[in-house]
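What follows is a short report on a single structure.
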Amino acid sequence: MIKEQYPDANFLFTTNNDSYYKRKVVNERVVEAKKTMYKLAKKYDGVIWDLFSIMGGMNSIVKWEENGLAKSDKIHFTTKGYKLTGDLFFEAFLKSYKEFLEKNGRI
């Protein structure tokens with residue numbers, strides 16, 4: 001276990017994206033997967049980036065597909081979608097880091 005070897009290690013968890021099962025059915029298990037990530041973040045005193053909610057929650061993958069951000073399998077993103085999620089994560093990370101620095105008197 002990482003925490004046993006490196007007790008001061010910090011973890012950043014991300015939730016799953018919304019998706020369909022076999023291209024036809026809303027994947028009801030995505031909510032349970034999201035809850036599990038929150039439990040892990042709490043257990044290991046980590047932070048979380050909630051992609052599922054950022055996307056729009058349950059059945060949001062349809063809108064992403066309509067806007068060219070998700071593939072027709074309703075599981076994977078397109079290149080444009082992956083770039084967007086990367087940009088959103090990067091912006092959130094930088095914002096949080098800046099807030100950390102300000103809070104700790106480092107800027």
Is segment 65-81 home to any residue that is among the acidic types (Asp, Glu) and under 16 Å from the mean Cα position of the chain (by Cα)? no
With the requirement that a residue be among the hydrophobic types (A, V, I, L, M, F, W, C) and either exposed (fewer than 13 other Cβ atoms within 10 Å of the Cβ) or farther than 24 Å from ALA33 by Cβ (or both), what does segment 54-92 give you? PHE90
The residue that is surrounded by the most Cβ atoms within 10 Å (Cβ to Cβ), considering only those in segment 1-52 that are under 11 Å from the mean Cα position of the chain (by Cα) and among the acidic types (Asp, Glu), is ASP18
What about VAL62, is it within 16 Å of the chain's Cα centre (by Cα) and of a type in the set (A, V, I, L, M)? no
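Applying the selection to segment 1-54, what residues are assigned to a loop (DSSP other than H, G, I, E, B) and polar (S, T, N, Q)?
ASN10, THR15, ASN16, ASN17, SER19, ASN27
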Segment 1-30 - residue that is of a type in the set (Val, Ile, Thr) and in contact with a helix residue (DSSP H, G or I) (Cβ under 8 Å, 6 or more places away or on another chain) and, of those, modelled with the lowest pLDDT: VAL30
Taking only segment 50-105 into account, find how many residues are aromatic (Phe, Trp, Tyr) and modelled with pLDDT under 95. 2
Show the residue pairs meeting these rules: Cβ distance below 7 Å; 6+ apart or different chains; first residue within segment 87-105 and within 13 Å of THR14 (Cβ to Cβ); second residue outside any helix (DSSP H, G or I). PHE89/TRP49; ALA92/TRP49
Counting only residues that are hydrophobic (A, V, I, L, M, F, W, C) and under 15 Å from the mean Cα position of the chain (by Cα), which one in segment 82-98 is nearest to VAL26 (Cα to Cα)? LEU84
Those residues of segment 41-80 that are within 30 Å of ALA9 (Cβ to Cβ), of a type in the set (Ser, Thr, Tyr) and touching a helix residue (DSSP H, G or I) at 6+ places or on another chain (Cβ under 7 Å) come to a total of 1
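The values are calculated or read from the model by the stated rules, or taken from the named source; none is laboratory data. The structure presented is a predicted model; accordingly, all values stated were derived computationally and were not measured. Cβ coordinates were reconstructed from backbone atoms using ideal geometry, including for glycine residues, and neighbour counts include every protein chain displayed.
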